[in-house]
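These notes are about the structure you will find just below.
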Amino acid sequence: MTVGNVGGRRRQLPSLSQLRAFAAVAEHLHFRDAAAAIGMSQPALSGAVSALEEILGVTLVERTTRKVLLSPAGERLAARSKAVLDEVGALLEEAEALRAPFTGVLRLGVIPTVAPYLLPTVLRLVHDRYPDLDLQVHEEQTANLLDGLAGGRLDLLLLAVPLGVPGVTELPLFDEDFVLVTPLDHRLGGREGIGREALKELNLLLLDEGHCLRDQALDICREAGREDAPVTTTAAGLSTLVQLVAGGLGCTLLPRTALKVETSRSNQLLTGSFADPAPSRRIALAMRAGAARAAEYHELAAALREEMRALPVRVLGPDV
């Protein structure tokens with residue numbers, strides 16, 4: 001094999017067979033033992049090492065009548081040769097893993113308003129059904145997740161949709177309603193069938209900018225006829241937001257999957273439900289259009305839909 005023009009001439013590359021022969025000699029310091037170790041005849045092994053020396057332009061081994069010694073160049077390049085062979089071996093192992101479904105690494109990005117409430121279900125499913133899958137989870141805001149998906153840093157996302165992003169395919173999982181969380185003494189606390197128009201008068205606490213849940217809450221307020229943006233106090237996460245409500249600073253909207261976790265931390269809260277159709281959000285997996293592992297992602301989405309039937313959500317079909 002040759003590569004490019006180096007100094008005005010074609011430079012030949014060593015073959016894996018030559019590197020393997022030299023690495024065996026460097027390990028055993030004996031041509032017969034090295035040849036036996038890699039299943040090569042001794043003349044072929046000697047020829048491979050000689051060819052490698054010619055290609056590299058350095059002497060790798062010093063041959064004597066009694067033993068084989070590595071030259072100074074051989075000492076240095078032996079480690080390099082082994083590293084190359086190790087990397088090739090790792091590449092072949094990775095390719096083998098990729099030929100089998102649900103093996104190897106899967107880098108999953110999750111938004112913060114989903115991660116604490118759905119990850120237990122996701123992790124349990126992967127542990128029980130896909131034990132050979134190396135799931136790596138990254139919690140980030142939506143914009144960063146989409147950048148990671150587009151750039152190949154992430155393989156699959158779990159987030160709120162619709163995204164409206166070209167080149168991204170959404171696999172819907174479920175819809176879930178929003179619930180109004182209020183202080184104990186609030187007039188809407190504990191009520192059912194609350195009309196959306198009530199949002200026009202509420203001191204509504206929101207997440208910081210960048211969270212899709214903030215944008216969803218603002219959209220709900222606009223649909224209810226509220227023109228101003230209720231941004232007097234914000235928080236970086238839902239836990240802080242709920243504690244602010246418990247302290248009497250206002251009310252907030254929580255997705256129903258977060259309700260049990262977040263409201264159990266305080267006895268100073270009440271919840272109210274909206275009249276149908278209640279404001280809601282849709283959660284989905286998202287992948288690059290044409291992803292090589294698309295069949296796996298569709299199967300994973302189907303498995304997650306079944307697991308999530310136990311949650312307070314409306315599970316969707318794959319064709320929604």
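The values are calculated or read from the model by the stated rules, or taken from the named source; none is laboratory data. Because the structure is a prediction, the values reported are computed rather than measured. Note that we place each Cβ from the backbone using ideal geometry, even for glycine, and neighbour counts take in every protein chain shown. With ligands, DNA and RNA removed, areas are computed over all heavy atoms of the protein, side chains included. Shrake-Rupley method; radii C 1.70, N 1.55, O 1.52, S 1.80 Å.
Looking at segment 280-297, which of the residues that are touching a Phe, Trp or Tyr at 6+ places or on another chain (Cβ under 8 Å) and under 30 Å from residue 218 (Cα atoms) is surrounded by the fewest Cβ atoms within 10 Å (Cβ to Cβ)? Among those that are touching a Phe, Trp or Tyr at 6+ places or on another chain (Cβ under 8 Å) and under 30 Å from residue 218 (Cα atoms), it is 280. Looking only at segment 25-64, count how many residues are assigned to a helix (DSSP H, G or I), among the acidic types (Asp, Glu) and surrounded by fewer than 15 Cβ atoms within 10 Å (Cβ to Cβ). Result for segment 25-64: 3.
On the basis of being touching a Leu at 6+ places or on another chain (Cβ under 8 Å), on the phi > 0 side of the Ramachandran plot, buried (at least 18 other Cβ atoms within 10 Å of the Cβ) and of a type outside the set (A, V, I, L, M, F, W, C), does residue 272 make the cut? Spell out the reasoning first.
Details: touching a Leu at 6+ places or on another chain (Cβ under 8 Å): yes; on the phi > 0 side of the Ramachandran plot: no; buried (at least 18 other Cβ atoms within 10 Å of the Cβ): yes; of a type outside the set (A, V, I, L, M, F, W, C): yes.
Criteria not met by residue 272.
Working only within segment 298-312, note down all residues that are out of contact with any Phe, Trp or Tyr (no Cβ under 9 Å at 6 or more places or on another chain), in contact (Cβ under 8 Å) with a residue 60 or more places away in the chain, closer than 23 Å to residue 168 by Cβ and open to solvent by 10 Å² or more (accessible area, probe 1.4 Å). Across segment 298-312, the qualifying residue is only 298. Somewhere in segment 211-220, is a residue out of contact with any strand residue (DSSP E or B) (no Cβ under 7 Å at 6 or more places or on another chain), open to solvent by 30 Å² or more (accessible area, probe 1.4 Å) and within 30 Å of residue 299 (Cβ to Cβ)? No; the residues of segment 211-220 include none that is out of contact with any strand residue (DSSP E or B) (no Cβ under 7 Å at 6 or more places or on another chain), open to solvent by 30 Å² or more (accessible area, probe 1.4 Å) and within 30 Å of residue 299 (Cβ to Cβ).
Listed residues 140, 62; which is touching a Ser or Thr at 6+ places or on another chain (Cβ under 7 Å) and either of a type in the set (Val, Ile, Thr) or farther than 20 Å from residue 17 by Cβ (or both)?
Details: 140 fails: touching a Ser or Thr at 6+ places or on another chain (Cβ under 7 Å).
The unique qualifying residue is 62.
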